[in-house]
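The values are calculated or read from the model by the stated rules, or taken from the named source; none is laboratory data. Small disclaimer: the values here were computed from a predicted structure and weren't measured. Heads up, the Cβs are rebuilt from the backbone with ideal geometry, glycines too, and the neighbour counts pull from every protein chain shown. Quick note on the areas: whole protein, heavy atoms, side chains included, nothing else; ligands and nucleic acids left out. Shrake-Rupley method; radii C 1.70, N 1.55, O 1.52, S 1.80 Å.
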Amino acid sequence: MKRVLFSVLGAMAVFAGVTPAAAGDRYADRPPVMVSPDLSAPWVLQLGNAPGIVRQNRQVVQQQPRLHYAQPAQPDRVQTAAVQAPAKRMVMRPQINPIYLPQEVAYDGPQKPGTIVIDTTQNFLFLVEKNGKARRYGVGTGKPGFEWSGTHKITNKREWPDWRPPAEMIKREAAKGRYLPTYLAGGIENPLGARALYLGTTEYRIHGTNQPWTIGGAVSSGCIRMRNEDVVDLYERVNVGTTVEVI
C-alpha cells in the first residue's frame with residue numbers, strides 16, 4: 001500500500017513541475033533545420049543543369065549575374081582636333097610676275113654699254129650691253145609723291161648695308177603710327193637687303209629688299225628696290241663711277 005502511495009505521489013510531483021507554458025511549446029513554430037553543406041551537396045547535384053547553377057571543378061557554384069559598367073565617353077573626333085595645338089599658320093605671299101625676273105632683251109636706246117637705265121613707268125632696270133642688248137631686271141620704284149628722275153653716278157657700294165632712315169622719313173612714318181629706328185645694322189631683317197649702290201650725293205640707292213613680292217610696283221620712298229639675288233648679280237657687274245639714268 002505504501003509502495004502504491006509513493007508512486008501516486010511521485011507522479012503528481014512530476015505533473016506539478018510542468019508549467020502551462022512548457023506544455024504549449026510542443027505546438028510552437030520549430031526553427032528551420034540547418035543541413036550541412038556536405039549533406040546538401042548530393043541533393044543539389046541532382047538539379048543537373050537547373051538555371052542559375054554551374055559546375056566548376058566538381059563543385060556547385062551559384063552563377064552570379066554579370067555586371068555591365070558604363071564606359072567613359074570617347075571624345076568626338078572634331079572636338080579632339082579642336083584641343084590639339086593649332087598648326088603653324090602659313091602666310092601666303094603673292095608670287096613675283098615672271099616678267100620681272102632677269103633676262104636678256106633687245107635694247108635700242110642711246111646710252112652706251114655699261115650704263116644703267118631705270119624706267120620708273122614700267123618698273124624695269126636695264127644694264128646696257130653691246131650689240132643692241134641689255135640685261136633687264138624688275139624693280140620697285142617710288143610710290144606716288146616720291147617719283148623722281150635724273151642722272152647720277154654710283155658713288156659707293158656696300159654689302160649688307162646699315163640703314164639710317166632720314167629724319168623726314170622717321171617723322172612721316174611716326175605720324176602713321178609706325179616708329180622707325182634711327183639705326184639698323186645690316187642683315188636679313190634690314191630693308192636695304194643684301195647690297196646697296198649709292199647714287200651721287202642723294203639719299204637714294206639701288207638696293208635689295210626683304211619684301212621681294214613688292215617688285216614691279218610703286219612702293220618705295222624713292223629708292224630703287226631689287227630682289228636680293230638680282231642686286232647681288234648687278235653689284236658684281238658694275239663699278240663705282242657707273243652712270244645711272246632714271247627716267
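Taking the range 195-225 only, how many residues are open to solvent by 20 Å² or more (accessible area, probe 1.4 Å) and among the aliphatic types (A, V, I, L, M)? Of the residues in the range 195-225, 2 are open to solvent by 20 Å² or more (accessible area, probe 1.4 Å) and among the aliphatic types (A, V, I, L, M). You will find that of 180, 192, the residue that is open to solvent by less than 60 Å² (accessible area, probe 1.4 Å) and over 25 Å from residue 126 (Cβ atoms) is 180 and no other.
Scanning the range 192-247 for residues that are in a helix (DSSP H, G or I) and more than 21 Å from residue 148 (Cα to Cα) returns 212, 213, 228, 229, 230, 232, 233, 234, 235, 236, 237. Name the one entry in 186, 138 that is free of Cβ contacts under 8 Å to residues at least 40 places away in the same chain, more than 14 Å from residue 245 (Cβ to Cβ) and not aromatic (Phe, Trp, Tyr). After applying the criteria, what remains is 186. Out of all the residues in the range 152-170, is one or more touching a strand residue (DSSP E or B) at 6+ places or on another chain (Cβ under 7 Å), over 21 Å from residue 241 (Cβ atoms), of a type in the set (A, V, I, L, M) and surrounded by 11 or more Cβ atoms within 10 Å (Cβ to Cβ)? No, because not a single residue in the range 152-170 is touching a strand residue (DSSP E or B) at 6+ places or on another chain (Cβ under 7 Å), over 21 Å from residue 241 (Cβ atoms), of a type in the set (A, V, I, L, M) and surrounded by 11 or more Cβ atoms within 10 Å (Cβ to Cβ).
Tell me, please, whether a residue that is farther than 19 Å from residue 245 by Cα and not acidic (Asp, Glu) can be found in the range 104-125. No, that holds for no residue. Put simply, of 139, 117, 128 the only residue that is more than 18 Å from residue 222 (Cβ to Cβ) and open to solvent by less than 30 Å² (accessible area, probe 1.4 Å) is 128.
As a summary of the residue check, residue 60 satisfies the conditions (1) surrounded by 10 or more Cβ atoms within 10 Å (Cβ to Cβ); (2) in a loop (DSSP other than H, G, I, E, B); (3) modelled with pLDDT under 95 except for the one numbered (2). Among the residues of the range 226-247, the ones that are open to solvent by less than 30 Å² (accessible area, probe 1.4 Å) and either over 23 Å from residue 129 (Cα atoms) or touching an Asp or Glu at 6+ places or on another chain (Cβ under 7 Å) (or both) come to 0 in all.
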